[in-house]
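Before any comments, here is the structure.
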Amino acid sequence: MQLLITGGAGFIGSNLIQHVIDRPEITQLINLDCLTYAGHLANLEPVAKHPKYVFEKVDLRDKPEVLRVVQQYKITHVMHLAAESHVDRSITGPGDFIQTNIVGTFNLLEACRSQWLAAGASAAGETRFHHVSTDEVYGSLGATGYFTETTPYAPNSPYSASKASSDMLVRAYHHTYGMRTVITNCSNNYGPYQFPEKLIPVVIQNVLSRKSIPIYGDGMNVRDWLYVRDHAEALWRVLTTGKDGETYNIGGHNEWANIRIVELICDLIDEMAPKLGGSSRQLMTFVKDRPGHDRRYAIDASKIERELGWKPAYTFEKGIRETVRWYLDQQAWVNTVLADKKTG
């Protein structure tokens, strides 16, 4: 297996690389990342000198360079995680999301089609294109029900619309060209190495610096939370044992309202860092809800459990305790990635 992981310097990608790099199936692992504000080589220090590991600083929007990487390393398997992913940023600047998430995915698909299928569909051999997506493509749920693999797409933000578009491109390349593809749609990830712009690391950092914690609307927006290390194992399972052309939803079976997560993090930090003084819950501040804020996401992950034997190992309580502890112990990493953002 000559494995290409795109976005490997990001949050999920770096956890994935650390999780799979020692698998005997992998001959070489190429990490393609253009190192935007959310991608940091500091995330990959544990594997930087691994004999299987290669880093290529390439932007998915650069079609010739993407093709060069796929051809030079004779890529056989792709795990495509690279994407602009922050909803707030997609609202203020949607252009980057269209170019990276849609055009970038197209460039990667074309490079693989050229490498794998140029001599006809039979030349594809033992290849696999795994496209990693989000549950946000399905839109918003009411108080009950779950997203399944057959739920109609109804994206409500420029981010989720761009991911829905890339999902459809991958599906089309399977049905039109016979490319061996799989798609996964996951719920909200959390854990080590997440850049401090998403809810959980923002709350942790604000509590540590005694800044106010902004909570959108009434704080009752619900998400299904998936520990990133559980996600990494699920992604590997789909890459290696998933059925061609199929979609698999990956969820953590952990539904939590945003305000409850904030309260839990405040209480955990008060327990782990009592010298900060006072109740951290006093920092909670309600702010105007963001446009198009989906009320609830929840994933039915029974298909991947039934067909591939995967289910999450972490409860939210266990995963969030490990995550808070990690951030408290890794403030040097936080300072490094925030400094990279300012100078990048």
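Every number here is computed from the coordinates shown, using simple stated rules; none is lab data. Since the model is a prediction, treat every value here as computed from it, not as a measurement. A quick note on method: Cβ atoms are made from the backbone with ideal geometry, for glycine too, and the neighbour counts reach across all protein chains shown.
Which ones in region 128-176 are of a type in the set (Ser, Thr, Tyr), more than 18 Å from Gly95 (Cα to Cα) and in a helix (DSSP H, G or I)?
Tyr138, Tyr173, Thr176
Considering only residues that are among the hydroxyl-bearing types (Ser, Thr, Tyr) and touching a residue at least 24 places away in the same chain (Cβ under 8 Å), which ones fall in region 188-211?
Tyr190, Tyr193
Identify the residue in region 260-277 that is acidic (Asp, Glu) and over 12 Å from Arg210 (Cα atoms) and, among all such residues, is farthest from the chain's Cα centre (by Cα).
Glu271
Would it be correct to say that Pro94 is surrounded by fewer than 19 Cβ atoms within 10 Å (Cβ to Cβ) and out of contact with any helix residue (DSSP H, G or I) (no Cβ under 7 Å at 6 or more places or on another chain)?
no
Can you pull out the residues in region 49-85 that are surrounded by fewer than 16 Cβ atoms within 10 Å (Cβ to Cβ) and over 17 Å from Val20 (Cα atoms)?
Lys57, Arg61, Asp62, Pro64, Arg68, Gln71, Gln72, Lys74
Give the number of residues within region 235-291 that are touching a Pro at 6+ places or on another chain (Cβ under 9 Å) and either within 28 Å of Asn185 (Cβ to Cβ) or small (Gly, Ala, Ser) (or both).
Number satisfying all stated conditions: 5.
Regarding Arg260, is this residue out of contact with any Lys or Arg (no Cβ under 9 Å at 6 or more places or on another chain), of a type outside the set (A, V, I, L, M), assigned to a helix (DSSP H, G or I) and under 30 Å from Leu169 (Cα atoms)?
So Arg260 does not fit the description; no.
Yes or no, residue by residue, for (1) in contact with a Leu (Cβ under 9 Å, 6 or more places away or on another chain); (2) of a type outside the set (Asp, Glu); (3) under 18 Å from Val78 (Cβ atoms):
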{"position": "Asn221", "(1), (2), (3)": "no, yes, no"}
{"position": "Arg229", "(1), (2), (3)": "no, yes, no"}
{"position": "Arg237", "(1), (2), (3)": "yes, yes, yes"}
{"position": "Glu246", "(1), (2), (3)": "no, no, yes"}
{"position": "Gly251", "(1), (2), (3)": "yes, yes, no"}
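Would you check which residues across region 271-324 are outside any helix (DSSP H, G or I), surrounded by 13 or more Cβ atoms within 10 Å (Cβ to Cβ) and either among the β-branched types (Val, Ile, Thr) or without any contact (Cβ under 8 Å) to a residue 60 or more places away in the chain (or both) and list them?
Ile299, Ala301, Lys311, Thr315
How many residues, within region 47-104, are assigned to a helix (DSSP H, G or I) and touching a Cys at 6+ places or on another chain (Cβ under 7 Å)?
Here is the first cut: in region 47-104, the ones assigned to a helix (DSSP H, G or I) are 63-72, 87-92, 95-104.
Now drop any that are not touching a Cys at 6+ places or on another chain (Cβ under 7 Å), which leaves 70.
Number satisfying all stated conditions: 1.
Of Glu45, Glu84, Glu25, which residue is of a type in the set (Asp, Glu), out of contact with any His (no Cβ under 8 Å at 6 or more places or on another chain) and closer than 27 Å to Ser160 by Cα? Can you show your working first?
Numbers: Glu45 fails: closer than 27 Å to Ser160 by Cα; Glu25 fails: closer than 27 Å to Ser160 by Cα.
Checking each option against the conditions leaves just Glu84.
Hey, can you tell me all the residues within region 193-232 that are among the charged types (D, E, K, R) and part of a strand (DSSP E or B)?
Scanning region 193-232 gives Arg223, Asp224.
Given the options Val202, Val137, name the one that is surrounded by fewer than 22 Cβ atoms within 10 Å (Cβ to Cβ) and at negative phi. Walk me through how you get there before you give the answer.
Details: Val137 fails: surrounded by fewer than 22 Cβ atoms within 10 Å (Cβ to Cβ).
Val202 is the lone residue from the list that is surrounded by fewer than 22 Cβ atoms within 10 Å (Cβ to Cβ) and at negative phi.
Look at Val228 and say whether it is in contact (Cβ under 8 Å) with a residue 24 or more places away in the chain, aliphatic (A, V, I, L, M), surrounded by 21 or more Cβ atoms within 10 Å (Cβ to Cβ) and more than 25 Å from Gly13 (Cα to Cα).
no
For region 12-40, how many residues are touching a strand residue (DSSP E or B) at 6+ places or on another chain (Cβ under 7 Å) and not in a loop (DSSP other than H, G, I, E, B)?
9
Only one of (1) over 27 Å from Glu255 (Cβ atoms); (2) in contact with an Asp or Glu (Cβ under 7 Å, 6 or more places away or on another chain) fails for Ser133. Which number is that?
Going through (1) over 27 Å from Glu255 (Cβ atoms); (2) in contact with an Asp or Glu (Cβ under 7 Å, 6 or more places away or on another chain) one by one, Ser133 breaks only (1).
Please verify whether region 123-139 includes one or more residues that are without any contact (Cβ under 8 Å) to a residue 40 or more places away in the chain and not hydrophobic (A, V, I, L, M, F, W, C).
no
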